[in-house]
């Protein structure tokens with residue numbers, strides 16, 4: 001399983017003056033779920049589209065499943081499944097008709113088509129509404145149909161561009177269960193997201209920001225290697241506490257979570273807890289201050305800090 | 001301070017104007033539609049028909065016959081551009097659509113001149129063209145040279161022969177062209193919308209990740225519309241025959257080959273529009289934008305002979321102009337496609353150019 005599914009060097013795409021993707025280096029192993037985490041406009045979609053051969057890179061090289069992209073894009077199309085946040089099947093065709101159409105486009109042949117359609121309908125619980133127009137399905141049902149369509153031809157690689165943005169939390173859980181089932185069968189999955197909990201489920205992760213890969217590794221490794229110090233402050237008056245922290249030169253970021261403040265400090269800060277306690281005491285604010293374990297969100301904030 | 005309802009109305013109106021100013025296509029239409037309409041109705045459409053292409057067959061070759069030809073030519077209603085050897089050739093040229101009228105002066109012209117019961121010459125007019133037959137009718141009133149001393153005639157001096165539409169029925173002139181107009185309306189807009197809708201709904205982004213190739217996608221999408229077009233052709237033709245008694249003088253095979261060519265040309269135009277328009281609404285607007293000049297300038301309702309030269313050249317760019325020529329030629333005048341090679345060739349050139357333009361603009365990529 002150490003084989004590489006996707007490799008990209010110096011991948012760059014410019015739209016006019018703006019570099020949507022700027023010198024990305026990627027190496028994604030087979031049979032894993034690899035995530036792109038980043039805010040909107042960080043270049044996730046552009047990168048995925050370049051890897052599929054949908055848009056050409058301005059510079060850099062791409063190899064996907066051993067194929068040279070974009071030169072061999074047509075060969076790649078048989079081996080990838082692609083799904084976007086937006087439902088892109090035909091809303092006026094029924095669920096079954098959509099799958100039948102795609103089976104024909106992938107020229108599966110009548111026997112394999114029938115067998116695969118039956119299999120994905122069973123797997124993604126589509127049987128009961130197979131004859132309803134796809135446009136009338138709920139968000140979660142549409143998403144299951146989308147995944148069924150993307151996996152109909154048993155692609156070796158699945159490219160998912162923010163696939164869960166339009167569905168409820170339960171559907172998202174189900175969806176991720178399905179993705180793990182697919183990797184168990186050997187499928188490589190590349191998924192972009194801006195949800196931390198989803199990113200944490202990936203085997204490997206690249207954090208993208210303003211077109212650059214600013215961090216990559218497994219979520220656990222990224223959290224363990226975070227150079228910043230994380231301090232959690234629990235207080236009655238978080239906004240006053242926040243004001244008290246203001247101006248501390250080693251402070252990198254503060255976020256409020258209910259009555260708690262989550263503060264990130266530069267690694268050079270020798271005694272973050274002590275300094276926070278002193279500042280709170282000076283303003284007569286009560287609160288408990290302690291060192292906390294970094295979350296993936298801290299990693300994300302740390303990686304994208306100072307770039308905005 | 002304005003009252004609250006007025007403030008809210010103003011807010012909505014300002015928002016509407018802002019959106020309008022950002023939609024370049026609508027903005028272009030606001031100026032484009034009146035401009036186009038003014039040009040077409042102001043310059044293009046004119047009932048004052050002049051310079052109808054005509055041929056003259058003068059078998060008498062006397063001084064009087066020559067002055068009759070000169071007299072008729074000086075009216076400028078017809079322009080004698082050909083001198084066929086005989087009536088047969090004259091008829092053939094009218095059938096092919098190269099000439100629309102002809103003057104025949106028989107060998108016994110001089111004897112007829114002094115006989116009040118017989119006509120001295122014959123004017124043949126292509127009765128399939130609206131406006132032209134009426135205009136040519138005026139020639140009958142041409143003064144006969146050296147007529148003094150001859151008693152007033154019981155029969156008109158010049159006999160008018162309305163070819164292919166002797167009863168001068170409007171339906172005969174209109175119905176064949178209607179096939180072309182109806183196909184233009186539906187084909188261009190249907191295809192443009194069908195393609196743009198797929199892009200608008202995100203279907204295209206999915207399709208281009210599948211193994212289907214651009215050419216396969218295009219052909220697969222257009223083929224059903226060729227069928228739709230042929231059904232429409234048949235329907236109009238059947239209604240024309242059953243309800244309006246339109247004669248079908250030519251070969252049905254030639255007619256359907258011509259129809260296929262035109263359908264392909266209009267689908268090509270629809271494809272080009274679909275590569276320009278980004279929304280279904282824009283595709284609709286552009287479709288109508290091409291439809292208007294097609295209907296008004298193609299010779300369907302108004303004679304070319306009443307249009308200025310520049311507008312006539314513009315009409316040559318429209319595929320409908322050539323298809324109507326083919327329709328009237330085959331259905332009414334019984335011409336073969338071979339005889340109608342000129343409009344067939346022009347239509348083919350349009351088709352090739354439209355497909356080349358569409359193919360160069362459509363790419364199986366997003367950028």
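Couple of notes before you dig in:
- As a length-normalised measure over Cα pairs under 8 Å and 6 or more apart, the relative contact order of region A:226-304 settles at 43 percent.
- Normalising the average separation of contacting C-alpha pairs (under 8 angstrom, six or more residues apart) by the number of residues puts the relative contact order of chain A at 20 percent.
- Relative contact order (percent, whole number), region B:52-163, Cα cutoff 8 Å, 6+ residue spacing: 30 percent
- Note on the protein assembly as shown: helix-only mean residue ellipticity at 222 nm, from DSSP H runs of 4+ residues weighted -39500 (n - 2.57) and normalised by residue number, equals -15000 deg cm²/dmol.
- Taking other C-beta atoms within 10 angstrom as a stand-in for reagent exposure, A:262, A:9 fall in the order A:9, A:262, fewest first.
- Residue mean of other protein chain beta carbons inside 10 Å, B:208-220: 4
- Selected from B:220, B:177, B:306 as most flexible by GNM, with chain B as the system and alpha-carbon contacts under 10 Å: B:220
- Prolate/oblate/rounded label for region A:11-169 (Cα gyration tensor, a/c 1.5): prolate
- Between region A:5-37 and region B:218-297, the C-alpha centres lie 47 angstrom from each other.
- Choice from B:302, B:350, B:41 with maximal GNM fluctuation in chain B (Cα, 10 Å cutoff): B:41
- Per-residue average of Cβ from other chains inside 10 Å of B:188-201: 1
- Neighbour counts of other Cβ atoms within 10 Å put B:284, B:1, A:121 in the fewest-to-most order B:1, B:284, A:121.
- Three-way shape label, chain B, alpha-carbon gyration tensor, a/c 1.5: prolate
- For region A:203-219 and region A:106-146, distance of Cα centres in Å: 33 Å
- Three-way shape label, region A:234-287, alpha-carbon gyration tensor, a/c 1.5: oblate
- Average beta carbon contacts from partner chains per residue of A:73-85, 10 Å cutoff: 3
- When B:225, A:195 are sorted by how many other C-beta atoms sit within 10 angstrom of their C-beta, beginning with the fewest, the order is A:195, B:225.
- Computed on the Cα trace of the protein assembly as shown, the radius of gyration divided by the Kirkwood hydrodynamic radius gives Rg/Rh = 1.20.
- Listed residues B:189, B:324, B:72, most fluctuating in chain B (Gaussian network, C-alpha, under 10 Å): B:72
No value in this document is a laboratory result; all are computed from the given coordinates. These figures come from a predicted structure and were not determined experimentally. With ideal geometry, Cβ positions are generated from the backbone for all residues, glycine too; neighbour counts draw on all protein chains shown.
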